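One structure below.
The values are calculated or read from the model by the stated rules, or taken from the named source; none is laboratory data. Keep in mind it's a predicted model, so treat the numbers as computed, not measured. Cβ: placed from backbone, ideal geometry, glycine included. Neighbour counts: every protein chain shown. Side chains are part of the model used for accessible areas, which takes the heavy atoms of the whole protein and leaves out ligands, DNA and RNA. Shrake-Rupley method; radii C 1.70, N 1.55, O 1.52, S 1.80 Å.
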Amino acid sequence: MGHRQDLLAAARRLLRTKGYARVTARDLVAESGTNLASIGYHFGSKEGLLNEAIGEAVEAWTEALARIAMADPAASTADRGFSAWAAMLDGLPAHRELTVSHLEALAQAERDPALREQFARHYRRCRARVADLVARSLGDGSTPDDPRVKAVAGFVVAVCDGLAIQWVLDPEEAPTGEELREGVTRVWEPVHHAER
């Protein structure tokens, strides 16, 4: 691996063991076996490196959830969404440090336009990937750039973020997969009946 990949691998390990706020540039250099100049050269800053590592980890988790959602070819679009959300909730304990680091980084991005744009790019890629899954799941010829498909993708990502925040703050009382299904069903049923 080159310095860029060595630094990303080190950042992923340190985010899990130390958290976003406690990782220093020297930690990254020691863990990666690289040098301080490599951080600036490849990522612009320590935060740029950490945010890229978070983005890659989130994308990998998104791909794992996509495989779960699309595993049953006969499942409805809603069932695929519920299976992905349930798997996300089940996976949160194993991804706690990453989730907390993501939240810490988002707070920092508000004050740094470059970091904010970096996270905006991550979210654009995530929504695009989810939109592709939604379009495939619908099976009606919809495309990922259809505004309705993009709206569903944005909703799916927003639910994931909201569930993660609730779980980090209060894991004992955060919604379970079944409670989420019940809540969405109760909201959806009146709307569905009104449309008939």
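Computed values, structure above
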read-out	value
Condition broken by PHE82, with the remaining ones in (1) assigned to a helix (DSSP H, G or I); (2) at pLDDT 90 or above; (3) open to solvent by 20 Å² or more (accessible area, probe 1.4 Å) satisfied	(2)
Positions within segment 43-57 being open to solvent by 40 Å² or more (accessible area, probe 1.4 Å) and within 12 Å of the chain's Cα centre (by Cα), in sequence order	GLU56
Search result, residues across segment 133-185 that are closer than 19 Å to ALA69 by Cα, open to solvent by 80 Å² or more (accessible area, probe 1.4 Å) and not basic (Lys, Arg)	ASP140, PHE155, GLU178, GLU179, GLU182
Test: LEU65 is assigned to a helix (DSSP H, G or I), open to solvent by less than 10 Å² (accessible area, probe 1.4 Å) and of a type outside the set (Ser, Thr, Tyr)	no
Every pair of residues 6+ apart whose Cβ atoms lie under 7 Å, when the first sits in segment 96-119 and is at negative phi while the second is open to solvent by less than 30 Å² (accessible area, probe 1.4 Å) and polar (S, T, N, Q)	ALA105/ASN51; LEU115/ASN51; GLN118/ASN51; PHE119/ASN51
Filter pass, ILE39 being of a type in the set (Val, Ile, Thr) and either open to solvent by less than 40 Å² (accessible area, probe 1.4 Å) or touching a residue at least 60 places away in the same chain (Cβ under 8 Å) (or both)	yes
Which listed residue, of GLU117, GLU97, is part of a helix (DSSP H, G or I), in contact with a helix residue (DSSP H, G or I) (Cβ under 6 Å, 6 or more places away or on another chain) and of a type in the set (Asp, Glu)	GLU97
